[in-house]
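Down below is the structure, laid out as structure tokens.
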Amino acid sequence: MIAGFKKISITACVATASIMSAQAQTVKGVVTGKEGHLPGATIMVANTKIGTTTDLNGAFTLNTNTVGKVNLIISYIGHETKTLEVDVKKGIIDAGTVQINPAGQLGEVLIQGTMAPSTIKALNIKRNSLAIMDVIAADAIGKLPDRNAAEAVQRVQGVAVARYHGEADAATVRGTPFAWTSILFNGSRLPSANVMGSRNSVLDAVPSEMIQYVQVAKALTPDLEGDAIGGSINFITRTSPAKRQLNVSAAGGYNTFSKDGTYNGSIVYGDRFFHNKLGVMLAAAVWNRQWGTDAFEVAYNTGLTNPTQQKSISTTMLKRYMGTRQTYGANIGFDYTFNTNHKLFVRGLMDKFNDIRPVYESYVDYNNSQYQYNYRYSYYQTVLNGAELGGEHQLSPKVKLDWTISDYYTKYFLETPPTNGNKGLPIATFKQKITGGFNNFSSDGKRYWGFDSPDGIGGNPLGFDAGLKNANEVMDPTKLTLQQLVIAQLDTKEEDKTAQVNLKYQVNTKVNLKFGGKFRHKDRSGMYGSNMVYMASASLGVPNSPALLPLSSLNRTDFPMAGGYFTGMQGNHDAFAIDPITKNQLFQLFDTATLRQNGFMNVTPKTNPTNIYNGTEDVAAAYAMAEIDATDRLKIVAGV
């Protein structure tokens, strides 16, 4: 019984080996056009249903049972169909680089008027994708005024973006919460320095010039990261082209609000050396813009128990932002093709986003009958750096292996003031009592908008007026005294170290099996909302305290763009446009000796807030999937 079993097993193995040997002919090559590599090109064996498509780099691998001369039919949208004769032998045959030409006049009319070459490539990637996917390419991005990654992806159907002061900085798929969308770079999850522990990645630090393709997957296959409830957005950085490429762009503008200029520029260079074995891609971009905006904000007494009085006004604030935003990016990539079976690549990314925002805030505090004036100097910095090393290997005619190891790091932080060991957002608060009282208070002694007031007495939000009984009791630098200094600390960083491997085995021309695994180690630390607070001892009633510092006694500068404060609202509001202290004066106030000299006490709570933390995370996962061409029109993808 045992001997019989052995005999059957050996026979089966020999038969299997014979079948595999008969099918072990593989043709490899690269399809290019005048515009470079052509992803999604179709390669078919003439008079058969055996075929394949090219990958993102224009490369293809075609398995066939035939030995001898065969004709390969190579086709691509907008290009002439080409027939290539190949002498197929056992093993792997290198068809080399096949260039196909653009189609004739009809093709030119149809394509040149509507699509750039890389847009056609994007459509081919979408058409041949196993997942439900949309793709946009560099040419399409470059023709639009999209200067960062979030701005670029907003053009895809089903993608929504969040904006901050007019610029997109985050993206989500299908309207789900932002944390439900996976943001990937070259197939690996991008680390997030988002405050409050959210995993959604902010994209305003990534210039659009660094991106070659954007793939938006709305339904995932087993070989994609599985933590995307809404979908995933994969940004593919630039890789070396098939031939020399040099693109230079520059632009400028003028902001009528800030009365200042803006400019941006980029350079992209790619080439191949050493008989096309070594590919090089270098890209750099800069974007500097001036901006400004006015904001009118109202705080209500929502903490009161009376439902009507919850609509009463606690404070009103008139605020002006006047700042600078700077985006810098650099992308470097190398790939080396040893032969038709083995290729290595390395990529590096360095991005920096500076958001410099001096802010001027003027409050009317109705509950405490006082003015409040805040000056803060915001210098937010976002850093995104990363590198990855990978390889692609054709181990046999039927087995292909690819692997990647990567290390990406992001940080969101503040490094001011330089005069204090604690870093964050420095804020100086001045206050001035209003002794004359207010008009237009309701009978319950509260300030309302007229439409919220229980007796109809109140103000008009479209024509704001402080409602002073004494019209001359305006904000006065000699009466505004420094009473509080705050450093709002911010330092959040995250680093992901990832290793992944994929193995693809072609059972026959209709069935492909794919296996793989990924491991990710994450380090994260955060500090957000932990405020260092210094109070003037005189404001706390401490005996023999130094006198409060009036705003007029400090070094000051002109209010930015004075004379046109809130011109979009009814009335004149220039009385709230108070000349602020200088940036250096603000920093000097936080110097230890200055704090002590002027009687400022550190009243920061001693407890450690829960939003100061450190943590690590290790995730390991594996998958197996099958691609089955059931018919010419039906493909089945199954896996775990």
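Tally Lys/Arg at +1 and Asp/Glu at -1 over every other residue whose Cβ is under 9 Å from the Cβ of residue 459; what's the total? Every neighbour counted, the sum reads 0. For the chain, the longest principal axis of the Cα atoms and the long axis of helix 2-22 meet at an angle of about 80 degrees. Of all trypsin sites (Lys or Arg not before Pro) in the range 591-640, which ones are in loop regions per DSSP and have a Cβ with at most 13 other Cβ atoms within 10 Å? In loop regions of the range 591-640 (DSSP not H, G, I, E or B), the sparsely surrounded trypsin sites (Lys or Arg not before Pro) are 606, 633. Size of the range 332-489: Rg and Dmax of its alpha carbons, in Å, are 29.7, 90. Counting 0.36 nm for each residue step from residue 561 to residue 515 and taking away their Cα separation leaves a gain of 10.4 nm.
Taking the alpha-carbon distance from residue 446 and a cut-off under 22 Å, which lysines remain once sequence neighbours fewer than 8 residues away in the same chain are dropped? List returned: 311, 431, 433, 469.
Counting only residues at least eight positions apart within a chain, or on another chain, the lysines with an alpha carbon under 28 Å from that of residue 259 are 143, 319, 352, 583.
Sorting 64-73, 250-259 by their mean Cβ neighbour count within 10 Å, with the most densely packed peptide first, gives 64-73, 250-259. Listed by chain and number, the lysines placed with their C-alpha closer than 24 angstrom to that of residue 514 are 28, 49, 90, 126, 218, 343, 398, 400, 497, 504, 635; residues fewer than eight positions away on the same chain are left out.
Using θ = phi - 60° in the Karplus curve 6.51 cos²θ - 1.76 cosθ + 1.60, the 3J(HN,Hα) couplings for the range 560-571 round to x, 6, 5, x, x, 7, 6, 5, x, 9, 5, x Hz; x is entered for Gly and Pro.
All Cα-Cα separations within the range 450-517 were binned at 5 Å from zero, giving a P(r) of 3, 8, 8, 8, 6, 7, 7, 6, 4, 4, 4, 4, 5, 7, 8, 6, 3, 1, 0, each value a whole percent of the pairs. Alpha-carbon geometry of the range 578-621: the Rg and the Dmax are 19.3, 59 Å, given in that order.
A cut-off of 5 Å between modelled amide H atoms, ignoring neighbours fewer than 5 places along the same chain, links residue 97 with 30. Among 335-348, 26-39, 491-504, 451-464, the peptide with the highest mean count of other Cβ atoms within 10 Å heads the list, and the full ranking is 26-39, 491-504, 335-348, 451-464. Using equal-weight Cα scatterers in the Debye expression, the normalised intensity of the range 129-237 in log10 at q = 0.12 Å⁻¹ is -0.34. Set against the labelled values (1) 104, 68, 52; (2) 109, 67, 43; (3) 89, 55, 51, Cα extents along the principal axes in Å computed from this structure falls on (1). Working from Cα pairs under 8 Å separated by at least six residues, relative contact order for the chain is 9 percent. Compared with the dominant principal axis of the Cα atoms in the chain, helix 117-128 is inclined by about 70°.
Throughout, read-outs are computed from the coordinates displayed, never taken from laboratory work. Note that this is a predicted model, so its numbers are computed, not measured. Virtual Cβ from ideal backbone geometry, glycine too; neighbours counted across all protein chains shown.
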